Amino acid sequence: MRILVTGGAGFIGSNLAKYLAAHGHKVVVLDDFSSGDFKNLVKFTGEVYTDRCENPPAGRFDAIFHEASITDTTVTDQWKMMQNNLERFRTILSWAMVWKARVVWASSAATYGNRPAPMRESDEPSPLNVYGYSKLAMERLAAKWHGDSHLPIIGLRYFNVYGPGEAHKGKFASMIYQLAQQMKAGKRPRIFHDGNQRRDFVWIDDVIQANVKSLEAEGCHILNVGSGVSESFNAIIAELNRVMHTNLQPEYIDNPYSFFQNHTEADIAAARTILGYSPNVGLVEGVRNYYGSGAM
Ligand SMILES: NC(=O)c1ccc[n+]([C@@H]2O[C@H](COP(=O)([O-])OP(=O)(O)OC[C@H]3O[C@@H](n4cnc5c(N)ncnc54)[C@H](O)[C@@H]3O)[C@@H](O)[C@H]2O)c1
């Protein structure tokens, strides 16, 4: 297939682009390099377009993976967020209509806000910031587009993705990456009181699996993509201490955020049924792989 990956310089997009290219597809990356990192693309030998998702690359595509987004969840400029996330998605969908391309795209668990876990797609959406709202508006646009085009479109609500290629995200990288950086520097890892906040951490390869399986799906769906289990920050630190052979105890600090998800955990039954998605890598294996890769 000829496949367009937007946000292809980013964490998930670059892993996806490299995976698809290694599996025989013709892959073109589109990115504006606003938050992505060229280093993620050094081993990607396909074509790269530098654009804000305003101008289509030449030729037709069979499928689009739309990962491009503002991923700084603290951006409060609503115009900026909605222009970049919702309006550029509208542009992408207009190209897909012309190309008759299927679309797989990145939504987010941020659409749930502080809903009780486990989160199900049928829950009332409750985003706590404009980032989460932009993803919700994109989901509604995707449903309308499917009604008009009858082309397959699958939105994946990622939970907390971690793995190689996220270093450029700084304070928006996974907590696993951030805590590991502090501990590698010999510092006690800093977390909010009392460290029992829970997150559904999902290893990057499982996210790639969900994307690739979405290429076969029909219809219009919004599906959770997580590991299906949650881990506390205290447990992450214990696991990092184990693989790094350290014994650094957490330093608890006050939480300055007025909005904060205390417990995220995906119910992945729908993705299992519709995609045949089955996450393979739990926390112990993921942290070991990550540390072993040298990218953490
Ligand atoms: N990483 C996670 O845990 C997570 C969780 C939920 C949802 N998501 C979603 O997954 C997608 C990928 O996230 P990521 O973690 O790889 O973040 P990332 O910041 O590494 O990647 C996003 C990429 O999009 C690019 N971009 C932004 N706006 C663009 C535009 N208008 N045109 C072209 N390129 C543009 C950035 O330069 C960057 O390379 C995003 O849509 C994000 O909202 C990620």
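The values are calculated or read from the model by the stated rules, or taken from the named source; none is laboratory data. Worth saying up front: this structure is predicted, and the values here are computed from it rather than measured. Note that we place each Cβ from the backbone using ideal geometry, even for glycine, and neighbour counts take in every protein chain shown. SASA here: full protein model, heavy atoms, side chains in, ligands and nucleic acids out. Shrake-Rupley method; radii C 1.70, N 1.55, O 1.52, S 1.80 Å.
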The one condition residue 291 fails out of (1) of a type outside the set (A, V, I, L, M); (2) farther than 21 Å from residue 18 by Cα; (3) part of a helix (DSSP H, G or I) is (2)
Of all strands (runs of 3 or more DSSP E) fully inside segment 147-248, the set with 3 or more residues that are over 17 Å from the mean Cα position of the chain (by Cα) is 190-192
Go through the residues of segment 44-59 one by one and say whether even a single one is touching a Leu at 6+ places or on another chain (Cβ under 7 Å) and buried (at least 22 other Cβ atoms within 10 Å of the Cβ). yes
Of 180, 238, 173, 217, the only residue that is within 14 Å of the ligand (Cβ to nearest atom) and either outside the structural domain of residue 38 (by TED's automatic domain parsing) or not basic (Lys, Arg) (or both) is 173
From the option list 186, 155, 147, single residue qualifying as away from the ligand (no atom under 12 Å from the Cβ), in the same structural domain as residue 90 (by TED's automatic domain parsing) and of a type outside the set (Ser, Thr, Tyr) is 147
Taking segment 1-19 and keeping residues under 20 Å from residue 93 (Cβ atoms) and away from the ligand (no atom under 13 Å from the Cβ) leaves 1, 2, 3
Here the residues within segment 20-36 that are open to solvent by less than 80 Å² (accessible area, probe 1.4 Å) and near the ligand (Cβ under 7 Å from one of its atoms) are 30, 31, 32, 33, 35, 36
Exception for residue 95 within (1) out of contact with any helix residue (DSSP H, G or I) (no Cβ under 8 Å at 6 or more places or on another chain); (2) modelled with pLDDT of 95 or more; (3) open to solvent by 40 Å² or more (accessible area, probe 1.4 Å) falls at (3)
request  = Evaluate segment 114-131: report whether one residue or more is in a helix (DSSP H, G or I) and either over 19 Å from the mean Cα position of the chain (by Cα) or under 27 Å from residue 257 (Cβ atoms) (or both).
outcome  = yes
Scanning segment 145-170 for residues that are closer than 18 Å to residue 65 by Cα and free of Cβ contacts under 8 Å to residues at least 24 places away in the same chain gives 150
In segment 229-256, residues that are without any contact (Cβ under 8 Å) to a residue 60 or more places away in the chain and either among the hydroxyl-bearing types (Ser, Thr, Tyr) or within 24 Å of residue 289 (Cβ to Cβ) (or both) total 14
Listed by first then second residue, the pairs whose first member lies in segment 262-278 and is farther than 10 Å from residue 119 by Cβ, whose partner is among the charged types (D, E, K, R), with beta carbons under 6 Å and at least 6 positions apart or on separate chains, are 270/121; 275/213; 276/213; 277/213
Among the aliphatic types (A, V, I, L, M), within 25 Å of residue 224 (Cβ to Cβ) and in a strand (DSSP E or B): does that describe residue 92? no
